[in-house]
């Protein structure tokens, strides 16, 4: 076996992986995201790399680099997954509660949306609190 994908005997997870259900290209997601959004985590869940399948027609949300780790589907999550939803309310930002309708309403009222700037401001404020705390 080639050691092109290992570091000192440990496999290095690729930046993208194919969803085991539909084969869609899926990007890495932080383990904290998975642990924060999954309703019931299995006891002793490993710290393997997880990926997010954003295909709207696929029920899989998170799957792991380690094929033995659990796959998490829409019903396993505490929240609705914006990329997979077709009907309101469609979440855009879980952390600060913005929904697609918020953006649409703001554009209808003012001609533009400040949601992205507001999220950036909130993230910077959160980072300052963590650094100061």
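Values quoted throughout were computed directly from the atomic coordinates according to the rules given, and no laboratory measurement underlies them. None of these values were measured; they are calculated from a predicted model. FYI the Cβ positions are ideal-geometry reconstructions off the backbone, even for glycines, and counts take in every protein chain you see.
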Exposure proxy check on 36, 113, 67: fewest-to-most Cβ neighbours within 10 Å is 67, 36, 113
Of the listed values [x] 2, 11, 23, 26, 23, 12, 3, 0; [y] 2, 10, 20, 23, 20, 15, 8, 3, 0; [z] 2, 9, 15, 17, 17, 14, 13, 8, 3, 2, 1, 0, 0, identify the label whose number matches P(r) over Cα pairs in 5 Å bins from 0, in percent calculated from this model.
[z]
Would you order 76, 66 from fewest to most other beta-carbon atoms within 10 Å of each residue's own beta-carbon?
66, 76
If packing is taken as the average number of other Cβ atoms within 10 Å across a peptide's residues, how do 114-120, 42-48 rank, most packed first?
114-120, 42-48
So the label point goes 7 Å from the Cα of residue 102 along Cα→C-beta, right? Which residues of region 54-96 then have their backbone N under 12 Å from it?
90-96
Quick shape check on region 87-133: root eigenvalues a ≥ b ≥ c of the Cα gyration tensor, a/c under 1.5 is rounded, otherwise prolate if a/b tops b/c, else oblate, and it reads oblate
So what is the relative contact order of region 60-130, in percent, for Cα pairs below 8 Å that sit 6 or more residues apart?
14 percent
Relative contact order, percent, of the chain when contacts are C-alpha pairs under 8 Å separated by at least 6 residues?
13 percent
How far apart, in nm, are the 7 Å Cα→Cβ label points at residue 24 and residue 87?
1.9 nm
